[in-house]
Amino acid sequence: VPDNWIKIASSKQEYKIELLKGLFKENNIISVSINKKDSSYLAFGEIELFVDSKDVLKAKNLIQKQDN
């Protein structure tokens, strides 16, 4: 992940990250997820979601609206 990308969310549940990626895409925010789950023990690790630093505020606002 490039230096100017910021971790905006993480979850053990892939569907939550995929929902956020879809929400971001609808709002013209490019995001990248990195699966850090252990391939042998899926109970360990998380999937992290990153956005470009210029989109952090917009992405946080979208997450906040979705949580309400």
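Using helices alone, I'd like the mean residue ellipticity at 222 nm for the chain: each DSSP H run of four-plus residues gives -39500 (n - 2.57), total over residue count, nearest 500. Roughly -11500 deg cm²/dmol at 222 nm, from the helical runs in the chain.
Calculate the dipole size of the chain relative to its Cα centre from +1 charges on Lys and Arg beta carbons and -1 charges on Asp and Glu beta carbons; express the result in debye to the nearest 20. Don't skip to the end; give the middle numbers.
Numbers: 11 positive and 10 negative charges, 29 e Å.
It comes to approximately 140 debye.
For the chain, modelled as a GNM whose springs connect Cα atoms under 10 angstrom apart, the maximal fluctuation among 40, 31, 53 occurs at 40.
The C-alpha atoms of the chain define a longest principal axis, and helix 14-26 lies at about 20 degrees to it.
The portion of the accessible surface of the chain made up by carbon and sulfur, rounded to a whole percent, is 51 (1.4 Å probe; DNA, RNA and ligands excluded).
A 1.4 Å probe run over the range 1-49, with the rest of the protein chains in place, finds 71 Å² accessible per residue.
Keeping every protein chain in place, order 56, 1 by accessible area at 1.4 Å, biggest value first, i.e. largest first. Walk me through the intermediate numbers first.
Details: 56 20, 1 95 Å².
Highest to lowest solvent-accessible surface, that is 1, 56.
Working from Cα positions, state the angle (0 to 90°, nearest 10) between the long axis of helix 56-67 and the longest principal axis of the chain. Tilt relative to the chain: about 70 degrees. Mean-square fluctuations from a GNM of the chain, with a 10 angstrom spring cutoff on Cα atoms, peak among 12, 21, 37 at 37. Give the aspartates and glutamates whose C-alpha is closer than 20 Å to that of residue 37, dropping any in the same chain fewer than 8 places away, or say none. The qualifying aspartates and glutamates are 14, 18, 46, 48.
The values are calculated or read from the model by the stated rules, or taken from the named source; none is laboratory data. Note that the structure is a prediction, hence the values are computed from the model and not measured. Note that each Cβ is placed from the backbone with ideal geometry, even for glycine, and that neighbours are counted across all protein chains shown. We work out accessible area using only protein heavy atoms, side chains counted, and drop any ligands, DNA or RNA first. Shrake-Rupley method; radii C 1.70, N 1.55, O 1.52, S 1.80 Å.
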